[in-house]
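Participant: Structure in structure tokens, see below.
The values are calculated or read from the model by the stated rules, or taken from the named source; none is laboratory data. Just so it is clear, the structure is predicted and the values come from calculations on it, not from any experiment. Here the Cβ positions follow ideal geometry from the backbone for every residue, glycine too, while neighbour counts run over all protein chains shown. Protein only, heavy atoms only, side chains kept; ligands, DNA and RNA dropped before computing areas. Shrake-Rupley method; radii C 1.70, N 1.55, O 1.52, S 1.80 Å.
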Amino acid sequence: SEGAMLRLSASVCLALCLQSSDGFTGSGSRQLVGRDVRASSTTPAEVQAEPSSSADVKQSLLALLKTSKDEVLSCPVSLEPLERSIKFNGGYRVESWRCSKFETTYQRRGPYLDLVSGEPAKPIWERSLQEVVQTDTFRNPLVAFLYERGWRQGFKNAGFPGIDDEFEKVLDFFGPKAAVEAAVAADAEAAGAESEAAEFEAAVVEAAESARGARASVMDGVLIDLSCGSGLMARRLARHGTAKRLFAADYSEAMLAEADRRFRGLGVRSMDSDASKGGAGALPEAKRPELVRVDVASLPFATGSVDGVHAGAALHCWPRLEEGLQEVHRILKPASADAADDAADDAGRFFATTFKKGAYGVPREVNSNGGASFRFFDEAELEGLLKDAGFSEVSVELEIPAALSPAV
């Protein structure tokens, strides 16, 4: 299907899901032109864990040291695929990523790969208050430490769904069930059938299974938890275990470090998120997301290489929001030419949550001087922003908390 589908669920906060179809060329340029350019997203070849002979050992070492081009990660400036190489220095493994066009090298910094371009930061006196608050607040190690120890839980006051409810919405939108449920309902209505709920649900499940052959679930592809914070959603996506490749991406160094600690099960107490449900333990190393530092307005992912993007409680924190939404649209896979209907639609999808104006009782506006700290939205504004970014089918949902709903 042509266009992009967005579903925004909000609870005096907003959440949105998008489906991308229009593609952009990625021929080493940031010009947003062209269509139907796609990229595959295979994980780099794995080295055999237990070679059975000296010849196997040699081949494994050669494969490990061989420079290879990544099919998802790209230079954030040129958009050329990054070349990954590994060297050993004094017994230490040194991994580097290189842009062949500009000879730029990107390095790991602790647990994450830093793919933010090396442009010098503007002096603070040239930055608006809004930009300073949006960018620097979450780089503070104290904020990263507190994020799942009270900060994120405070979003309930604005009506945000809990993270587990949000994960269920993501599963529903990224999986094949949503793609076929409407078709099953339409078929039942056309036939004049009034099925019982259980029978209808069985039909949906059966149709979803058959639809997998035509349209693989987004959950089986390349996924990005964008503005991942401390990894609330990334941990759930990782434990789900079906992603071909999973990235947890953020601009904040402190948040990425906190996410890594939680992936490893370090310093997580019973009071913290996930602990009461048995989710506080370490993730198996093979399931841990790839941690990447990114600038959302200049994403280091190849054009059309990503199946699904999640951005939870994030849009109001992006200082260059319009550019960020264009970048999300660029990296999502467009629908293939043979996608004749929704059940066969293999386009990438975007799900996000953010705040509605008035979410905390006080309208938030952004004036020409950037005087407001965060940017809150209304439904029409969000719809316009997303369409301007290239998404042609946009659906925005507003969820009002029960405590604020009018009495019936």
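Participant: What's the number of the condition residue 125 fails, among (1) of a type in the set (Phe, Trp, Tyr); (2) within 19 Å of the chain's Cα centre (by Cα); (3) at pLDDT below 75?
Facilitator: (2)
Participant: State all residues of the stretch 244-257 that are assigned to a loop (DSSP other than H, G, I, E, B) and crowded, with 23+ Cβ neighbours inside 10 Å; if no residue qualifies, say none.
Facilitator: 252
Participant: So which of 108, 98 ends up being part of a strand (DSSP E or B) and either modelled with pLDDT under 90 or over 20 Å from residue 288 (Cβ atoms) (or both)?
Facilitator: After ruling out the rest, the residue left standing is 98.
Participant: Does the stretch 155-173 include one or more residues that are part of a loop (DSSP other than H, G, I, E, B), modelled with pLDDT under 85 and in contact with a Cys (Cβ under 7 Å, 6 or more places away or on another chain)?
Facilitator: yes
Participant: Of the numbered conditions (1) assigned to a helix (DSSP H, G or I); (2) open to solvent by less than 30 Å² (accessible area, probe 1.4 Å); (3) at pLDDT 75 or above, residue 179 fails exactly one; give the number of that condition.
Facilitator: (3)
Participant: Quick test for you: out of 341, 378, 346, pick the one residue that is out of contact with any strand residue (DSSP E or B) (no Cβ under 8 Å at 6 or more places or on another chain), charged (D, E, K, R), open to solvent by 40 Å² or more (accessible area, probe 1.4 Å) and modelled with pLDDT of 65 or more.
Facilitator: Answer to the check: 346.
Participant: Here's something else I'd like to know. Might you check whether a residue that is in contact with a His (Cβ under 9 Å, 6 or more places away or on another chain) and either modelled with pLDDT of 70 or more or farther than 30 Å from residue 376 by Cα (or both) occurs anywhere in the stretch 197-213?
Facilitator: Within the stretch 197-213, none of the residues are in contact with a His (Cβ under 9 Å, 6 or more places away or on another chain) and either modelled with pLDDT of 70 or more or farther than 30 Å from residue 376 by Cα (or both).
Participant: Further, regarding this structure: For residues in the stretch 258-274 being of a type in the set (A, V, I, L, M, F, W, C) and open to solvent by 30 Å² or more (accessible area, probe 1.4 Å), which is modelled with the highest pLDDT?
Facilitator: 266
Participant: Something else about it: Going residue by residue through the stretch 292-301, is there one that turns out to be in contact with a Cys (Cβ under 7 Å, 6 or more places away or on another chain), within 14 Å of residue 224 (Cβ to Cβ) and at pLDDT 95 or above?
Facilitator: yes
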